[in-house]
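**Q** Below: one structure in C-alpha cells.
Read-outs: derived from the displayed coordinates by stated rules, not from any lab. All values derive from a computational prediction rather than experimental measurement. Using ideal geometry, Cβ is built from the backbone for each residue, glycine included, and neighbour counts are taken over all protein chains shown.
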Amino acid sequence: MSFESLGLAPFLLRALSEQGYETPTAIQEQAIPLALAGRDLLAGAQTGTGKTAAFGLPLLQHLATNSQEVSSGGPRKPRALILTPTRELATQVHDSLRGYSKYLRIPSACIYGGVGMGNQLDILRRGVDLLVACPGRLIDHIERRSIDLSGIEVLVLDEADRMLDMGFLPSIKRILAKLPKQNRQTLLFSATFEESIKQLALEFMRNPEQIQVTPKNTVAELITHRVHPVDGGRKRDLLLHLLAQDSREQTLVFARTKHGSDKLAAFLDKSGIKTAAIHGNKSQGQRLRALADFKAGRVTVLVATDIAARGIDINELPKVINFDLPMVAEDYVHRIGRTGRNGATGEAISLVAQDEVKLLRQIVRLLGRDMDIRDVPGFELQVPIRWGNSAPGKADSDMGDRGVRKTSHARRPHGDAPRHAHAGPKKTGGGRREGGGGAGQARAAQGQGQRRGGGGRSQGSSRAV
Ligand code: AMP
C-alpha cells in the first residue's frame, strides 16, 4: 500500500517523501481514505501509530482543496480545529502538520495555556485556517471573544480519552456548542474507548465509521513487560542500579507525583545520571527544553508524570521504567505507548511495592498478557509481597494461556541477549548484569519464601501474573 493509493494530493506526497515516510501505517491506511471521503471517524489508535498524519493529512487536503466560504468582514475564521489534552501534544501536532503542509500556505496557530495571551491574540487577529488547541485556553479565547469557531469544517479530538480523564468534558462540550452543527466532519482519536467516549461520539458525531489498529487496550506486541518487586523504600536505589547498567540508554521514567518526579530527578542527577523532569508545575519553556535535551541525548533519563508525558513523541525509545505504577490501569497503556513504536522492540519495567499489587493486577487484566516478575539480586524484599487471595499463579488460571509467560528468544527485546535476556529458569548472577553475585545468591532463599504461584522458584526465574 502506498500513500498515492490512499488518494493524497501531490503537494502532500512530496512533503511526506521528503520526511522519509515510505509506506502508510495501519491507522493511516484505514483512516485516510475514509476521512478524505468526508466520513466521521471513531479511531482507536495510540501515540506512536502514526495517528497525527492519519487525521492531519486528510484535514490539510480538505483545507487546500476546498475553498472557504466568503466571510463577511473580520479576520478569516479558522476552518479546522484540533483539540489535544496537553501543550506538548498540541505543539507536536502543530509541528507535524506544518511539516506535512510545507508546500501549502495554511496559516495556523497553536493555542495553549501557561504562556502569555499576547502572541496568540496577535495571530488570531491576523486570522488562521487551522487551530491546534488545548481546551482550557481555547475557552479563555472564546470568553474574550478573540476567536470565532462558527466556521469550523473539521474537528479533531486527539487523545479524547485523556482529555476526559483530565476533566475536560465540560470544556469540550462548551467548545462543541460553538461549532457549526451542519456540514462538520469530526474525527475522534483515542487509545481506549470508555463508555464516556462512546457517549461523546453518539452526541456529537454523524454516523461515525469505527476503525481500530490495535485490539482494544493493548500495547505493541514487541514490548516485554517486566516487574521487579521491591520494598517501597528501596525503589530509588533499585532504579539507580537498573539505570547504571547502561548509562547510555535513553530511558523514560514515570513517577506518580510532580514532587516525587522532582525529588527523583534530583537524586538521579546527584548520582551522576543526567536527568531532567517534566511535569505540570514546570513552565512551558522548561518542559520543551527538557524534552529537547532528552531527544538530543543531552540527558539520558527523563522523569515524567502521566499528564506531562502525554503524547511525547520520541521515536524508538527502547525502555520505559515505571518507578510508580499509574493509578489508572489505562495509563500503563499510554506510558508504554512510547516504546515499541513502528515495529521497534521495547522494554517496560515496573518497580512494584506491596501497596501497588492491586494496581498491577488491574494492569495485567487490562493488557490480557503476561508479565515477567523477577527479583533483582540484592533488592529482594525484606517482607515478601502478599499477592492477595488470588496469587499470581491463580491469576494464571483466570487468564488461561495468556498468563503464561513465553520465554522464546523471538520475544526478547533486543538481539543483545546477555543484557536483556530473561533469566528463565536459570540461576541468578553469572553473566547477567543484574546479577549480584554471591550477595544475590545469599538472599535467594528469602525470595523463595514469597508466594509465587508455581511455588519455590529461585530468584531470577520468570513468571507471570
Ligand atoms: P504519531 O503516532 O502520530 O505520534 O507518530 C509517531 C511517529 O511516527 C512520528 O514521529 C511520526 O513522524 C512517525 N510516522 C508517522 N507515520 C509514519 C509513516 N507512514 N512512516 C514513517 N514514520 C511515520
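**Q** Region 167-262: percent of C-alpha pairs farther apart than 24 Å?
**A** Numbers: 2419 of 4560 pairs.
Percentage above 24 Å: 53.
**Q** Follow-up question, since we're still on this one. For each pair in Lys235/Lys358; Lys51/Lys358; Lys274/Lys295; Lys173/Lys198; Lys274/Lys319; Lys235/Lys263, compute the distance between the two Cα atoms and list the pairs where it is over 21 Å.
**A** Values: Lys235/Lys358 18 Å; Lys51/Lys358 32 Å; Lys274/Lys295 13 Å; Lys173/Lys198 14 Å; Lys274/Lys319 16 Å; Lys235/Lys263 13 Å.
Long pairs (Cα-Cα over 21 Å): Lys51/Lys358.
**Q** Measuring from centroid to centroid over Cα atoms, what is the spacing of region 1-75 and region 146-212 in Å?
**A** 18 Å
**Q** Find the centroid of the Cα atoms in region 222-278 and in region 118-140, then give the distance between the two in whole Å.
**A** 37 Å
**Q** Let me know the charge dipole size of region 4-212 about its Cα centre in debye, to the nearest 20, where only the beta-carbon of Lys, Arg (+1) and Asp, Glu (-1) is charged.
**A** Rounded to the nearest 20 debye, it is 800 debye.
**Q** What distance in nm separates the simple spin-label points at Gln199 and Asp95, each placed 7 Å from Cα in the Cβ direction?
**A** About 3.6 nm, to one decimal.
**Q** Over 23 Å, how big is the tail of the calculated P(r) for region 4-212, in percent of all Cα pairs? All intermediate terms of the calculation are to be shown ahead of the outcome.
**A** Numbers: 8778 of 21736 pairs.
The proportion of pairs with Cα distances above 23 Å equals 40 percent.
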